[in-house]
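Some notes on the structure that comes next.
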Amino acid sequence: MKNERTQLMVEIAIMAALSFLIDLFIPSLSDAVKISVKMIPVMVLGLRRGLVPGLAGGLIWGVLQIVTGEASIVGLVQAFLEYILAFTAVGLTGLFSKPLLAAVSAKVSAVKQVTIAGLAVLLASLARYFCHFIAGIVFWGQYAPEGMSPALNSLLVNGGAFLSETITCLIVMGLLLPVYPQLFVLKRQA
């Protein structure tokens, strides 16, 4: 029991650190176009371990952004919304952990497995970028081009990032799951 708990804590820390390192060392093309797989480790964590570990991994990733100075912070509420809440939301893939585990264990078609994982990726990405969209209006709206509403500017910037990063993660998850399904199944020690 103690070994399982330690293994879980180590896995959460490693996946959060992987997401952080991917984000740190593989830069995006721009703020509006993000061809990135930085969410994949925390998403896999959620799918593999469940909701609470997935959320914990996302939370640690967000805290790492803040404590290392990688976060763009203009205030406490904005930091909470864009780094604590938004990054934690990536772990919402954990809501799909049991259905995916059942599908992989029952060896149902790869299409069904990928569909489950794809829905998880969509939900987590949408939740994350909804936080960024709201912050884009409230905290970054003053930087919208002259004559453009803060809401439209946030939709364009955050919507482009959401679409490009989500599509990238969907493709990677769609390739990863059929090739390496055992990554998503936790082996219980006897």
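The values are calculated or read from the model by the stated rules, or taken from the named source; none is laboratory data. Since we're looking at a predicted model, the values are computed, not measured. Neighbour counts run over all protein chains shown; Cβ positions are idealised from the backbone, glycine included. Side chains are part of the model used for accessible areas, which takes the heavy atoms of the whole protein and leaves out ligands, DNA and RNA. Shrake-Rupley method; radii C 1.70, N 1.55, O 1.52, S 1.80 Å.
Tabulated values for the structure
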{"item": "Aspartates and glutamates whose Cα lies under 15 Å from that of Lys34, excluding same-chain neighbours fewer than 8 positions away", "result": "Asp23, Glu165"}
{"item": "Cα centroid of region 130-190 to Cα centroid of region 51-95, whole Å", "result": "13 Å"}
{"item": "In nm, spacing of pseudo-spin labels at Val108 and Val67 (7 Å Cα→C-beta vector)", "result": "3.9 nm"}
{"item": "Accessible surface of Ser109 - all protein chains present, 1.4 Å probe, nearest 10 Å²", "result": "60 Å²"}
{"item": "Label-to-label distance, nm, for residues given as Asn3 and Leu170 (7 Å Cα→Cβ offset)", "result": "4.1 nm"}
{"item": "Relative contact order %, the chain, counting alpha carbon pairs below 8 Å whose residues are six or more apart", "result": "25 percent"}
{"item": "Neighbourhood net charge (9 Å Cβ-Cβ; Lys/Arg +1, Asp/Glu -1) for Phe20", "result": "-1"}
{"item": "Under 24 Å from the Cα of Lys98 - lysines, other chains or at least 8 residues apart", "result": "Lys2, Lys38, Lys107, Lys112, Lys187"}
{"item": "Principal-axis tilt of helix 150-179 within the chain, Cα atoms, nearest 10 degrees", "result": "20 degrees"}
